[in-house]
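Comments concern the structure below.
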Amino acid sequence: MRWEGQTATHVDVDALPGLEERASVLESWPTPGFDGASFLEITARSALNRVPGDGFMGGSWTINPYRGCQHACRYCFARNTHTYLDLDAGADFDSRIVVKANLVEVLERELAGPRRAVDAVQLGTNTDPYQRAEGRYRLMPGVLRALARHGASISILTKGTLLRRDLPLLAAIARDVPVSIAMSIAIFDDALQQEVEPGTPTTRSRLETVRAVREAGLDCAVFAMPILPGLTDTREHLERAFAAIADAGATSAIASALHLRPGAREWYLAWLRESRPDLMPLYGRVYGRGAYAKREYREWLRERIRPLVREHRLAPVRTMAGTGLAAPPPRATQLPSTSEPAAASATLF
Ligand code: SF4
């Protein structure tokens, strides 16, 4: 394992930000009530990661409080990052969670430093900031407060209903800085959702969280993605999905076909081969050896979704360069009243 044999002064230049030093590992143990997960607490050396490309509002950053995710989505594109730690992209990713225990302290130090103009920060670009571990470690409130004090706009993407815990704080922060919240809800079939995303909150509870975000006076996007070929791309499923998203009061929506990048590809296709071998030829046609659905499929899917977008009065949502996360509203934007009808929007790609 890469961490073995390292000393207090050793720095691994290939390691992920915050995991360079073996000496930073504090504790690791199985934790009752967390489905057999182990939390590996580390002292991170950095909290902010620069987003490649131009970013948003002149500079964009990400923060990932955790590595690995108990939500355990079979299609998760972050799986491969666990292999950088010499942990596997499958069961280890789902159950051996790296926690940046000193994240808030490091973030405050970085924000106070003279070097960086941190205008926009995205949470949820790699792993879920409101995954189960957050219930135990409560890192997000400190992160949000630190960013708000600094004046940085905040963008959150999550499947975690734990987000509701922080809604009063987010509503207060949104008076001072732009806040963008997006719930990821892709599967509107309970049995399938439990199979494909076995550690996530139910679709119903995520839709209720969308409602709660709106009731807190904040906009809420829904990322209805990934759409799974042969499983969630039927007309009936998509109609149900967009109707439920609109009914929950989402202010915008975005949809996209499944990506099968290395790491996610092996894990997802292994599950598909086991559970739905009849669909393997379809995936062969749609993806070949590539990570992305072929253009013909994407166009077919777009045509299937377009009428639903019209029916539910949906229109484009702005996303941030580098990550595709929903962009925060401009600083001058007034927060909508929850009594107003949702001005919903959607982007398809
Ligand atoms: S919630 Fe997000 S980060 Fe967590 S396993 Fe699912 S796709 Fe990956």
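The values are calculated or read from the model by the stated rules, or taken from the named source; none is laboratory data. Just so we're clear, the structure is a prediction, and the values are computed from it rather than from any experiment. Glycine also receives a Cβ, built like all others from the backbone with ideal geometry; neighbour counts cover every protein chain displayed.
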Residue match in the range 219-230 (condition: at pLDDT 95 or above, surrounded by fewer than 19 Cβ atoms within 10 Å (Cβ to Cβ) and assigned to a loop (DSSP other than H, G, I, E, B)): yes
So Ser180, is it at pLDDT below 95 and not aliphatic (A, V, I, L, M): yes
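Can you find, within the range 195-226, the residue that is nearest to Leu272 (Cα to Cα) among those that are polar (S, T, N, Q) and touching a Ser or Thr at 6+ places or on another chain (Cβ under 8 Å)? Steps first, answer last, please.
Of the residues in the range 195-226, the ones polar (S, T, N, Q) are 200, 202-203, 205, 209.
Next, from what is left, pick out any that are touching a Ser or Thr at 6+ places or on another chain (Cβ under 8 Å): 205, 209.
Working: Ser205: 26, Thr209: 29 Å.
My answer is Ser205.
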Given (1) in a loop (DSSP other than H, G, I, E, B); (2) polar (S, T, N, Q); (3) closer than 19 Å to Ser155 by Cβ, number of the condition Ser180 does not satisfy: (1)
Options Ser28, Ser38, Ser60: the member that is at pLDDT 90 or above, of a type in the set (Gly, Ala, Ser) and away from the ligand (no atom under 16 Å from the Cβ): Ser38
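Can you name every residue in the range 182-198 that is within 14 Å of the ligand (Cβ to nearest atom) and crowded, with 18+ Cβ neighbours inside 10 Å?
Within the range 182-198, Ala182, Met183, Ser184, Ile185, Ala186, Ile187, Gln193, Val196, Glu197 qualify.
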Search result, residues across the range 105-149 that are more than 16 Å from the ligand (Cβ to nearest atom), of a type outside the set (D, E, K, R) and closer than 21 Å to Arg165 by Cβ: Leu107, Val121, Pro141, Gly142, Val143, Leu144, Ala146, Leu147, Ala148
Subset of the range 97-124 [within 24 Å of Asn80 (Cα to Cα) and either of a type in the set (Val, Ile, Thr) or touching an Asp or Glu at 6+ places or on another chain (Cβ under 6 Å) (or both)]: Ile97, Val98, Val99, Ala101, Val121
Failed item, numbered, when Gly160 is tested on (1) touching a His at 6+ places or on another chain (Cβ under 9 Å); (2) away from the ligand (no atom under 15 Å from the Cβ): (2)
Filter result for Thr203 (buried (at least 17 other Cβ atoms within 10 Å of the Cβ), of a type in the set (S, T, N, Q) and within 16 Å of the ligand (Cβ to nearest atom)): yes
Test: residue in the range 69-87 that is within 14 Å of the ligand (Cβ to nearest atom) and within 22 Å of Arg211 (Cβ to Cβ): yes
Residues of the range 135-144 satisfying the condition of being in contact (Cβ under 8 Å) with a residue 40 or more places away in the chain and in a helix (DSSP H, G or I): Arg136, Tyr137, Met140, Val143
Residue identified as within 24 Å of Pro198 (Cα to Cα) and touching a Ser or Thr at 6+ places or on another chain (Cβ under 8 Å) among Gly230, Gly263: Gly263
Residue among Leu123, Leu107 that is in contact with a helix residue (DSSP H, G or I) (Cβ under 6 Å, 6 or more places away or on another chain) and buried (at least 21 other Cβ atoms within 10 Å of the Cβ): Leu107
